[in-house]
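One structure below.
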Amino acid sequence: MTRVVCPGSFDPVTNGHLDIVRRASRLFDEVVVAVLVNESKKSLFSLEERMDLLAQATEDLPNVSVASFRGLLVNFCTEHGISAIVKGLRAVSDFDYELQMAQMNGSLTDVDTVFVPTSPEYSFLASSLVKEVARGGGDVSGLVPDFVLQRLDREFGRA
């Protein structure tokens with residue numbers, strides 16, 4: 001059985017994230033969506049909120065679960081019997097960074113990294129952009145699930 005991880009901060013989860021998770025769920029036996037706990041970064045949503053939103057977004061995928069991790073991703077992988085990291089790539093700049101990370105991770109453990117190109121309709125999408133546009137009153141309805149949009153509206157005083 002092949003168990004993989006899709007890591008990220010998911011603040012908030014976007015349709016681009018979900019595209020990669022859904023595609024990974026068709027390719028692998030089990031997918032763990034792992035939310036990074038980074039105390040040095042101020043998140044819009046709490047860890048619990050991000051995990052709840054991800055659980056709701058993936059509830060129709062029986063082979064997908066949601067977890068959180070602190071520290072090194074490869075340690076999380078080793079502790080949970082995960083053989084590969086699945087990363088979405090939007091652009092060449094993503095590849096440069098992610099290749100370095102994959103090589104570093106590979107030097108630390110035997111965990112492989114699998115790159116999945118982002119679907120063209122999501123190639124520009126990033127959580128930070130979604131927050132910036134939503135904060136400014138812009139329409140992000142096609143970029144996140146409806147229940148995430150409702151949470152963003154509440155956070156920015158529009159609901």
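Readers should treat all values here as calculations from the given coordinates under stated rules, not as data from a laboratory. A quick note: this is a predicted structure, and the numbers were derived from the prediction, not measured. Note that each Cβ is placed from the backbone with ideal geometry, even for glycine, and that neighbours are counted across all protein chains shown.
About its Cα centre, the chain has a charge dipole of approximately 240 debye under the convention of +1 per Lys or Arg Cβ and -1 per Asp or Glu Cβ, with nothing else charged.
A Förster radius of 25 Å combined with the Cβ-Cβ distance from Phe115 to Glu59 puts the calculated FRET efficiency at roughly 0.40.
Close amide H pairs (under 5 Å, H built 1.01 Å from N) link Phe156 with no residue at least 5 positions away or on another chain. Per residue of the chain, the DSSP helices (runs of n ≥ 4 H) give a summed -39500 (n - 2.57) that works out to -13000 deg cm²/dmol at 222 nm.
Among the GluC sites (Glu not before Pro) found in the range 56-159, those both in a DSSP coil and sparsely packed, with 10 or fewer other Cβ atoms within 10 Å of their Cβ, are Glu59. The local environment of Arg90, defined by Cβ-Cβ distances under 13 Å, has a net charge of -4 under the rule Lys, Arg +1 and Asp, Glu -1.
Simple rule: put +1 on each Lys or Arg Cβ and -1 on each Asp or Glu Cβ in the range 1-97, find the dipole, and look at Pro62, Val92, Val35; the Cα lying farthest toward the positive end is Val92. Label sites at Glu48 and Asp94, each approximated as a point 7 angstrom past Cα along Cα to Cβ, lie 3.2 nm apart.
Can you give the angle from 0 to 90° between the axis of helix 47-57 and the longest principal axis of the chain, with both taken from C-alpha atoms, to the nearest 10? With both axes taken from Cα atoms, the answer is about 90 degrees.
Electrostatic bookkeeping for His17 treats Lys and Arg as +1 and Asp and Glu as -1; over the other residues with beta carbon under 12 Å from its beta carbon, the sum is +3.
Taking the structure as given and computing Cα extents along the principal axes in Å, which label from [x] 48, 37, 30; [y] 58, 29, 22; [z] 47, 33, 31 fits? Working out Cα extents along the principal axes in Å from the coordinates points to [z]. Close amide H contacts of Val86 (hydrogens built in the peptide plane, cut-off under 5 Å, sequence separation of 5 or more or a different chain): Val5, Cys6, Val114. Mean sequence separation of contacting Cα pairs (under 8 Å, at least six apart), scaled by the length of the chain, corresponds to a relative contact order of 28 percent.
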